[in-house]
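Step one of this worksheet: look at the structure below.
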Amino acid sequence: MDMFLDGEYYATDGVNKVYHAGWCADVARYATRISNLNTFKPSGIYSFTSGANGAPCSYGILIHGAWNEYIGAPESGSDFSQIVIDLGTGIYRRSWVNGGWSGWRTI
């Protein structure tokens, strides 16, 4: 499927890649389901449900942005930020910086 967005042309391969002006991006069809938000993950989009460890709400989508790509436990020193989109009540954010969590804050 090809598309125009803000006057720009984008082409897709029909699976999960978008091509535009010399660059290519992967687009996941489904967010990977996780059960623990308190761990370092590669940058990406994840989903969680009731009972997920460290979640500020019962169900939602997690956008996880790593500030570097070292993959390990939070204790490894890798800083990252998380944004949660709650399917009902709002948007939350927090970060792991210099070995400690900030609290969940409503955006």
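Length gained on full extension, TRP67 to LEU87, computed as 0.36 nm times the residue gap minus the Cα-Cα distance: 4.6 nm.
Distance between the pseudo-spin-label points of THR49 and ASN36 (7 Å out from Cα toward the beta carbon): 2.0 nm.
Every read-out reported here was derived from the displayed coordinates using simple, explicitly stated rules and does not represent laboratory data. Keep in mind it's a predicted model, so treat the numbers as computed, not measured. Every residue, glycine as well, gets a Cβ built from its backbone with ideal geometry; the counts of neighbours run over all protein chains shown.
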